Structure formats: C-alpha cells, structure tokens
Amino acid sequence: MHDYPVFLSLENRRCLVVGAGGVGRRKAASLLDAGVGEVLVLDTGDPAPEVLKLADCGNAVFEQRSFDESDLEGRFLVFACTSNGELNSRIADLCEERGILCNIADCPERADFIVPAAFRRGDLTLAISTGGASPAVCRMIRCELDDMFGEEYAALLKLMARLRPLVLELGMETGHNTALFRELARSGLLEAFERQDLDKAGQILEEFLPAPMRDNIPELLDGLV
C-alpha cells in the first residue's frame with residue numbers, strides 16, 4: 001500500500017504542535033512557512049529561544065503547559081512531537097476519534113500522514129518520500145535536486161504565472177491555450193533564463209505569443225533574472 005500524495009492549503013486553518021523540542025520546532029516552522037492560519041505550540045518546559053522567535057510571528061502561539069483534549073477543538077492538523085510515547089499515542093487516539101489528521105514523530109506507523117522532504121525553487125515544489133524507509137535517502141535526493149533544478153525554473157514559473165491571465169483574457173479556445181502553454185514550456189525559455197539572457201527570452205516570446213500580447217513582453221520579463 002502506498003501513501004496518497006497531496007499538497008494541502010493551510011490558509012485559515014488552525015493547527016497544533018505538542019512538544020517544542022527540535023522536531024516540534026521544525027514542524028511549527030514549516031507550518032508557518034506554508035501560510036498556516038494559526039499554529040498553537042505546547043510544551044511544559046522552558047521555551048528555547050527558537051520557540052520564542054516563532055511565537056513572535058503573528059500566526060504562532062506558544063503556551064507553556066500540558067496538553068488538554070480541548071486543544072484539539074477546531075484543529076486541522078496535529079503534530080505529536082513530545083518525548084513521551086504514551087502521550088503521543090493518546091493524542092493520536094483522540095485525533096482518530098475526532099477525525100483529525102495526526103502526525104506522530106516517534107511512531108510513523110501510527111500517523112495519518114507523513115511530511116515529505118521538500119525541495120522548493122520559487123513556485124516549484126518537489127516532495128520526496130521513501131515511505132519512512134530511509135530519511136537519509138530522502139536527504140540525499142533533496143541535495144541532488146538542488147543541482148538539477150536551478151533558479152531558471154523559478155523564473156520560468158513566474159513568467160508563466162504572469163502570462164496565464166493575459167492569455168485567458170484573449171478568450172481563445174481552451175485547446176489553443178493549452179497548446180500555447182505547452183509550446184512555451186518546451187521552448188528555449190528555460191535555457192535563456194539559465195544564461196540570464198532576457199534578449200533571447202524576449203525573442204522566444206515574440207515568436208510564440210499572440211500579436212496582441214507582444215507589447216507586454218518587457219513587463220512580462222521585468223525582474224526575472
């Protein structure tokens with residue numbers, strides 16, 4: 001059986017991290033990086049400086065106290081990251097009763113989901129998972145991706161994001177738009193951005209874009225390299 005890969009939007013979602021050790025801090029930081037609506041971090045110990053720094057973010061709250069069942073109310077995702085396996089298991093049971101997705105740091109087989117190793121380059125996100133078999137292999141692949149996907153991918157995706165609404169505004173048939181986007185993706189734009197050659201990128205856009213859009217080319221390419 002394989003995990004079901006999915007990217008979740010955490011906008012306006014409320015999440016919970018129980019345990020503010022190294023693992024818990026990383027989970028909380030990743031939630032904040034993903035734009036979570038709110039993350040409550042609980043720990044009975046004195047907060048590390050990193051925790052206080054997280055709590056300075058508008059969407060993070062740290063409370064120095066024990067976990068209570070009421071903390072689960074309205075939560076979308078829960079991370080049980082304490083050093084107490086029995087407590088982590090209890091949190092998982094309570095989440096299961098309430099239909100809340102729970103990740104358990106020290107017992108992935110009991111978790112409802114795992115957090116994959118992620119590689120980001122602008123709007124490009126690649127998620128890597130070995131199903132828990134080897135975090136070391138995940139890290140190795142993550143490092144290899146850093147060499148394979150350079151900043152040119154971020155530039156290309158930013159350009160495509162700028163292009164899309166302008167193309168759709170022309171009101172052409174869906175098939176035509178699909179073909180245009182595919183042609184641009186396969187064109188030499190990626191190589192031009194890799195060489196930081198905006199003149200070449202402009203020439204490619206002149207070749208592929210509909211005539212009404214060609215006056216927009218300088219604006220489309222502005223700040224991409």
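Can you give the relative contact order of the chain as a percent, counting alpha carbon pairs under 8 Å and 6+ residues apart?
12
Taking all protein chains in place and a 1.4 Å probe, what share, in percent, of the accessible surface of region 84-153 do carbon and sulfur account for?
Using a 1.4 Å probe with all protein chains present, region 84-153 comes out at 51 percent carbon and sulfur.
For the chain, just give the cysteines left without a disulfide-compatible partner, judged by no other Cys Cβ under 4.7 Å.
Lacking a cysteine Cβ partner under 4.7 Å: C15, C57, C81, C107, C138, C143.
Per residue Cα convex hull volume for region 64-149, in cubic angstrom?
Numbers: hull volume 11.6 nm³, N = 86.
Dividing the Cα hull volume of region 64-149 by its residues yields 135 Å³.
Taking only Cα atoms, what is the 0 to 90° angle, nearest 10, from helix 135-148's long axis to the longest principal axis of the chain?
Once rounded, the angle reads 20 degrees.
Kirkwood Rh and Cα-based Rg: tell me the resulting Rg over Rh for region 1-51, rounded to two decimals. Walk me through the numbers before you get to the answer.
Details: Rg = 12.7 Å, Rh = 12.0 Å.
So for region 1-51, dividing Rg by the Kirkwood Rh gives 1.05.
Using only alpha-carbon positions, what ratio does the radius of gyration of region 1-107 give when scaled by 2.2 N^0.38 Å?
Compared with the compact-globule rule of thumb, region 1-107 sits at 1.00.
Taking every DSSP beta bridge with both residues inside the chain, roughly what % is antiparallel (nearest 5)?
20
Quick check: the angle from helix 22-33's long axis to the longest principal axis of the chain, C-alpha only, nearest 10 degrees?
40
So what does D56 come to for accessible area, using a 1.4 Å probe and Å² rounded to 10?
D56 has an accessible surface of roughly 130 Å² with all protein chains in place.
Keeping every protein chain in place, order H176, H2 by accessible area at 1.4 Å, biggest value first, i.e. largest first. If you can, show how the numbers build up before the last one.
Numbers: H176 90, H2 175 Å².
I get H2, H176, largest accessible area first.
Among A80, L101, A117, whose Cα sits farthest toward the positive end of the charge dipole of region 78-118 (+1 at Cβ of Lys/Arg, -1 at Cβ of Asp/Glu, about the Cα centre)?
Of A80, L101, A117, it is A117.
Apply the Karplus parameterisation 6.51 cos²θ - 1.76 cosθ + 1.60, with θ equal to phi minus 60°, to every residue of region 114-127 and state each ³J(HN,Hα) to the nearest whole Hz, in sequence, with x for glycine and proline.
10, 9, x, 5, 10, 10, 10, 9, x, 7, 7, 10, 10, 9
Cross-link partners among aspartates and glutamates for K53, C-alpha distance below 16 Å, same-chain residues fewer than 8 apart left out?
D33, E38, D43, E63
Give me the accessible area per residue for region 1-77, probe 1.4 Å, as a whole number in Å².
Counting only protein heavy atoms, the per-residue value for region 1-77 is 62 Å².
Per residue, how big is the convex hull of region 95-145 when only Cα atoms are used? Give it in Å³.
86
With θ taken as phi - 60° and the coefficients 6.51, -1.76 and 1.60, list the Karplus ³J(HN,Hα) couplings across region 210-221 in order, rounded to whole Hz; mark glycine and proline as x.
Values, residue by residue: x, 3, x, 9, 5, 5, 8, 4, x, 5, 5, 8 Hz.
Considering only protein heavy atoms, what is the solvent-accessible area of K53 at a probe of 1.4 Å, reported in Å² to the nearest 10?
Looks like 150 Å² after rounding.
Evaluated at 10 °C with a viscosity of 1.306 mPa s, what Stokes-Einstein diffusion coefficient in µm²/s does region 89-225 have when Rh comes from the Kirkwood expression over alpha-carbon pairs? Before the final figure, lay out each step's value.
Values: Rh = 18.1 Å.
Translational D for this selection: 88 µm²/s.
Just name one of I91, Q196, T130: the one whose Cα is farthest towards the positive end of the charge dipole of the chain (beta-carbon charges, Lys/Arg +1, Asp/Glu -1).
T130
The values are calculated or read from the model by the stated rules, or taken from the named source; none is laboratory data. Since we're looking at a predicted model, the values are computed, not measured. Methodologically, a virtual Cβ is constructed for each residue, glycine included, from the backbone with ideal geometry; neighbour enumeration extends over all protein chains shown. Surface accessibility is based on the protein's heavy atoms, side chains included, excluding ligands, DNA and RNA. Shrake-Rupley method; radii C 1.70, N 1.55, O 1.52, S 1.80 Å.
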